[in-house]
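Everything below concerns the one structure shown next.
Just so it is clear, none of the values below were taken in a lab; they were calculated from the coordinates. Quantities reported herein were computed from a predicted structural model and do not represent experimental measurements. Heads up, the Cβs are rebuilt from the backbone with ideal geometry, glycines too, and the neighbour counts pull from every protein chain shown.
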Amino acid sequence: MSDDDSKADVHGHVAVDVTTLDAELIEGPSVATPDVAEYALWLGDDSLILSQQLGAWISRAPELEEDVALGNVALDLIGHARSLLHYAGTATNRTEDDLAYWRTEPDFRSLHIVEQPNGDFAHTIARQFVVSHYLFELYSRLRASADATLAAIAAKAVKEVDYHRDHSTQWVLRLAQGTDESRRRMITALSDLWPYVEEIFRDDPLIDSLEGIAVRPSTLRPAFDSAIAPVLAEAELEIPRGFVASGGGRTGRHSEHLAFLLAEMQVLTRAHPGASW
Amino acid sequence: MTSTITPDTSASVAISVEEQQFNDLIEADSRIEPRDWMPEGYRKALVRQISQHAHSEIIGMQPESNWITRAPSLKRKAILMAKVQDEAGHGLYLYSAAQTLGATRDDMTDALIAGKARYSSIFNYPTPSWADMGSIGWLVDGAAICNQVPLCRASYGPYGRAMVRICKEESFHQRQGFEILLELMQGTDEQRQMAQDSVDRWYWPALMMFGPPDDDSPNSAQSMAWKIKRHSNDELRQRFVNMLVPQAAVLGITLPDPDLHFNEETQQWDLGVIDWTEFHEVLAGRGPNNAQRLQRRRDAHDEGKWVREAAAAYARKQSARTEEMVAS
């Protein structure tokens, strides 16, 4: 989806023929170093898992326009995931599909927040609201990465994530200020998701070895907080206080949800080792 | 169809100026637009056809969305998501086209979830295997294209124009289905078996998508006279089979019709006898998945009710706020 399309039409449209990887991202000699590959896995797995979750909404959304909109977000995210996993795989001579389908749970690097189940529409929106705002800040800065491939992926992704941010923001406002029921559900969803926010901004030791290449997660927190504050204020929502989950996704310690998600995602591929599709 | 059109009225009754204009437009192959006068029967026939088509797109999302979370490669997953999303988009254009004829989306949705509206019976079949994503693209979308390309010239403007966009996307859908099957047929024995089994299950239902034989199709004649429909069911079905045979040869797939043979005289592929009993059974609600498909649509609608209500309430509050600001 081009930037223009996403701006012009909230329920934008992605055609089947634009789902191949962008040439500039898959050609060329760039091979990721082991540390860069690990970092690409972090980001790639977040997008992959979130895309997998959103894909499950298609044909089940509250209205047709949302089947299209959530489908768009899922498609953008799987595009980012493919570019990032492809790049991660260059370090170990593995394909995007080797990484998506043939790793087991401890080898995934996703954050717990993207592993949280879809829940009701408010949960999906709360999760998307948090993650899209985080990804927007992340990709905005990653555009200046010293790693040209990561910078190129970020430059493309940031435009798309900007739309995801807008889409989820509009829904947070509608749900928080719509009916009593929608407000109650929005408050519950935000409070259910909030324990997983802190992990997003935690600096794992890997970051120390990627100065100038990766974005230090903790540095994104102030921008994230100031981006969401006016939305929450307008929605008359408060930042939930309570549990903080210990996380651990970046080192392979995952939520209970991930194993089920992977079992479903990988089942067919794993039944046919060596087959191509 | 070149004879004079005399819809709804007997030739002996004098027709109004408006009706004469309508007939002239149809005769001249021009488009009828929403503000033009049109006979009530024409309007009804269009609303029926367009809303059934929209419902088919919406219900048709289900058998494919069944495989989104399990697609066997990321590329296939992306293509499948884009395809099912296209179908939601097609449903939206078509509902809009029906709305230009005075139908409301709420009424059409209510009719669908109440089980009162028809949609293509093909979507009442299950998709137990990944190869079904290939068969749906190749056979179901292929049949849909044969049906729909002539509709791009349908006499009602908004419908014809919606169909132009839809047909472009459908041709990608068909091609990706063919590619899925080709990849499977070039793969392992298990994959080839998966593909053949799937085509065995989808071939006959796909042929039935063109509707009953011409001598048993109650609505066809009038639709052809009004140029909503341009070719008969049997003509389109024949055209489809002629297209499939060489493609099946490229795939190395056997079409499950032992009587299929080339007729030197007509230069067409003659097909075996279609078992219409099954068609009528599925149409009557006794297909494998009729209940499941409707229930899933109803569940999505019911579970989304609070969200739609929230959006409507928010929009009302926003516009009230804007009015206050304007007034003050």
Sticking with the crude label model, points 7 Å out along Cα→Cβ, report the distance from A:S30 to B:E18 in nm, one decimal please.
6.4 nm
With r as the distance between the Cβ atoms of B:A28 and B:R153 and R0 = 22 Å, compute the FRET efficiency 1/(1 + (r/R0)^6) and round to 0.05.
0.95
Inverse of mean 1/r across different Cα pairs in the stretch A:57-174, Kirkwood, Å:
15.5 Å
Just to check, using Stokes-Einstein with a Kirkwood Rh over alpha carbon pairs, what's the diffusion coefficient of the stretch B:256-324 at 10 °C and 1.306 mPa s in µm²/s?
91 µm²/s
Average partner coverage of A:175-185, which counts Cβ from other chains inside 10 Å:
5
Bins of 5 Å, starting at 0 and running to the largest distance - Cα pair percent for the stretch B:151-255
2, 11, 15, 19, 17, 14, 10, 7, 3, 1, 0
Looking only at other chains, what is the average number of their beta-carbon atoms within 10 angstrom of each beta-carbon in B:307-320?
6
Once all Cα-Cα distances of chain B are split into 10 Å bins that start at 0, what whole-number percent is in each one?
5, 23, 30, 23, 12, 5, 1, 0, 0
More than 30 Å apart: what percent of Cα pairs in chain A qualify?
25 percent
To the nearest 10 degrees, the tilt of helix A:257-271 (Cα long axis) against the first principal axis of the alpha carbons of chain A is 40 degrees
So what's the back-of-envelope 222 nm ellipticity for chain A, counting only DSSP H runs of four-plus at -39500 (n - 2.57) apiece and dividing by all residues, rounded to 500?
-19500 deg cm²/dmol
Dipole of the stretch A:58-201, Cα-centred, from +1 at each Lys and Arg C-beta and -1 at each Asp and Glu C-beta, to the nearest 20 debye?
300 debye
Only Lys, Arg, Asp and Glu count, each charged at its Cβ (+1, +1, -1, -1), so figure out the dipole size of the protein assembly as shown about its Cα centre, rounded to 20 debye.
860 debye
Can you compute the FRET efficiency between B:K44 and A:D203 using 1/(1 + (r/R0)^6), with r the Cβ-Cβ distance and R0 = 60 Å? Round to the nearest 0.05.
0.35
Counting residues in the stretch B:50-136 as N, plug N into 2.2 N^0.38 Å and put the Cα Rg over that result.
1.18
Would you mind calculating the gained length between B:A315 and B:N263 on full extension (0.36 nm times residue separation, minus the Cα-Cα distance), in nm to one decimal?
12.4 nm
Would you please give the FRET efficiency between A:S218 and A:A271, computed as 1/(1 + (r/R0)^6) with r the Cβ-Cβ distance and R0 = 60 Å, to the nearest 0.05?
0.90
B:A114 versus A:F243: modelled label distance in nm, points set 7 Å from Cα along the beta carbon direction
4.4 nm
Any of B:K44/B:K83; B:K116/B:K168; B:K83/B:K317; A:K156/B:K317; B:K77/B:K227 with alpha carbons more than 32 Å apart? Name them for me.
B:K83/B:K317; A:K156/B:K317; B:K77/B:K227
Ratio to report: Rg/Rh of the stretch B:1-145, with Cα atoms as the point set and Rh obtained by the Kirkwood method; give two decimals.
1.11
Give the residue from A:Q116, A:G89, B:Q193 lying farthest towards the positive end of the charge dipole for the protein assembly as shown; charges sit on Cβ (+1 for Lys and Arg, -1 for Asp and Glu) and the dipole is referred to the Cα centre.
A:Q116
Between the stretch A:81-156 and the stretch B:116-172, what is the separation of their alpha carbon centroids in Å?
34 Å
How high is the relative contact order of chain B, given as a whole-number percent (alpha carbon pairs under 8 Å, six or more residues apart)?
18 percent
Apply the a/c threshold of 1.5 to the C-alpha gyration tensor of the stretch A:196-260 and tell me whether it is rounded, prolate or oblate.
oblate
Shape box of the protein assembly as shown [Cα atoms, principal axes, largest first, Å]:
88, 73, 41
For chain B, calculated [θ]222 nm from helices alone, where every DSSP H run of n ≥ 4 adds -39500 (n - 2.57):
-20000 deg cm²/dmol
Pairing the Cα long axis of helix A:148-177 with the longest principal axis of chain A, what angle in degrees results, from 0 to 90 and rounded to the nearest 10?
20 degrees
Can you give me the distance in nm between label points at B:C167 and A:A144, each placed 7 Å from the Cα along the Cα-to-Cβ direction?
5.2 nm
Mind checking which helices in chain B clear 18 Å along their axis (Cα) and have mean Kyte-Doolittle hydropathy of -0.5 or more, DSSP H runs only?
B:74-99, B:157-185, B:233-251
Per-residue average of Cβ from other chains inside 10 Å of A:68-74
5
Can you give the Rg/Rh ratio of the stretch A:92-230, where Rg is from the C-alpha atoms and Rh is the Kirkwood radius?
1.00
Fraction of alpha-carbon pairs in the stretch B:7-88 farther than 15 Å apart, rounded to whole percent, equals 70 percent
For the stretch B:117-207, what is the convex hull volume of its Cα atoms per residue in Å³?
89 Å³
